[in-house]
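The block underneath contains the structure these notes are about, expressed in structure tokens.
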Amino acid sequence: MDSKISKADDILQKILSEKRIKSVEDKRVGSEVFDRITLKTLYKLANDGYIHRLNGAISTGKEANVFTGIDKNDNFVAVKIYRVTTSDFKKMQTYIQGDPRFHVRTTNKRQLINAWVNKEFRNLQRADEAGVKVPKPIVAKNNILVMEYIGDEEGDAALPMRHSDIKDPEELLNKVINNMKLLYKKAGLVHGDLSSYNILIQDNEPVIIDISQGMTKDHPIAEELLNRDIENITKDFKKLGVKTSAEEIRSGIMDFKS
């Protein structure tokens, strides 16, 4: 085994040794996430100081796992690792094709995932610069994205809105709409998959995540995606007892003045 793989594998072993991957199913998932190229990439990121240690998974999904990481300065970071074996490549093709920022051979799965990670990094960077509350992107390499950790000083991750105790839903809705305004008007982006699953709550503030599929607002399907985001947010806040409508939320977004 080459030295880079051996050293990178030490990161994986820290997860295994702490019995964070327990069942047969979890071990299968672990092998899907930590393939050879991913281990080499982890080694490179570790060597550059971006990742000193990986702790447990914050979230697991079909396409990516997000881990709590610690950098060389003992700061928490979020480490998102996309899986090459189980990612939805048709979806990725749909959201990358037509985006003038990216030119990839969509038949090459590895290249497509790398472009997808770079797309999420650039969308986060663009949103952050516009004042949208998102995790600040730190570095993207191959199928791994390292970004700001959204959680407390003890390393406990912030919960999605869907699983949070919302004290003032109307106030929170106003904050979400304001972030949607900034994303659309200043960043020139549409999230495309916004819902209570993709909004974290930290200190009563919404933080928008999972922006990899985000489109520039001049993209042919941007209007369709914006309508979907608005419908999702309307439904989610109605469930919390807020009297609102898609028309009101849309008006709030379009009336924004920079």
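The values are calculated or read from the model by the stated rules, or taken from the named source; none is laboratory data. None of these values were measured; they are calculated from a predicted model. Cβ placement follows ideal geometry from the backbone for every residue including glycine, while neighbour counts extend to all protein chains displayed. In case anyone asks, the SASA skips ligands and DNA or RNA and just uses the protein heavy atoms, side chains included. Shrake-Rupley method; radii C 1.70, N 1.55, O 1.52, S 1.80 Å.
Counting only protein chain heavy atoms and rolling a 1.4 Å probe, the accessible areas of ASP229, ASP74, ASP210 rank, largest first, as ASP74, ASP210, ASP229. A 1.4 Å probe, protein heavy atoms only, puts the accessible area of LEU183 near 10 Å².
Rolling a 1.4 Å probe over the protein chains gives PHE121 an accessible area of about 40 Å². A rounded overall shape is assigned to region 177-258, the ratio a/c of its alpha-carbon gyration tensor axes (a ≥ b ≥ c) being less than 1.5. Rolling a 1.4 Å probe over the protein chains gives ASP35 an accessible area of about 40 Å². Of the cross-linked pairs LYS62/LYS167; LYS136/LYS235; LYS119/LYS243; LYS40/LYS217, those separated by over 30 Å at the C-alpha level are LYS62/LYS167; LYS119/LYS243; LYS40/LYS217. The GluC sites (Glu not before Pro) of region 121-223 that DSSP puts in a loop, and whose beta carbon has at most 14 other beta carbons within 10 Å, are GLU153, GLU154. Once Rg and the Kirkwood radius are both taken over the C-alpha atoms of region 102-164, their ratio Rg/Rh works out to 1.07.
Residues of region 183-216 with an amide N closer than 13 Å to a point placed 7 Å from the Cα of LYS235 along the Cα-to-Cβ direction: 193-197.
Taking only the C-alpha atoms of region 108-258, Rg followed by Dmax gives 15.3, 47 Å.
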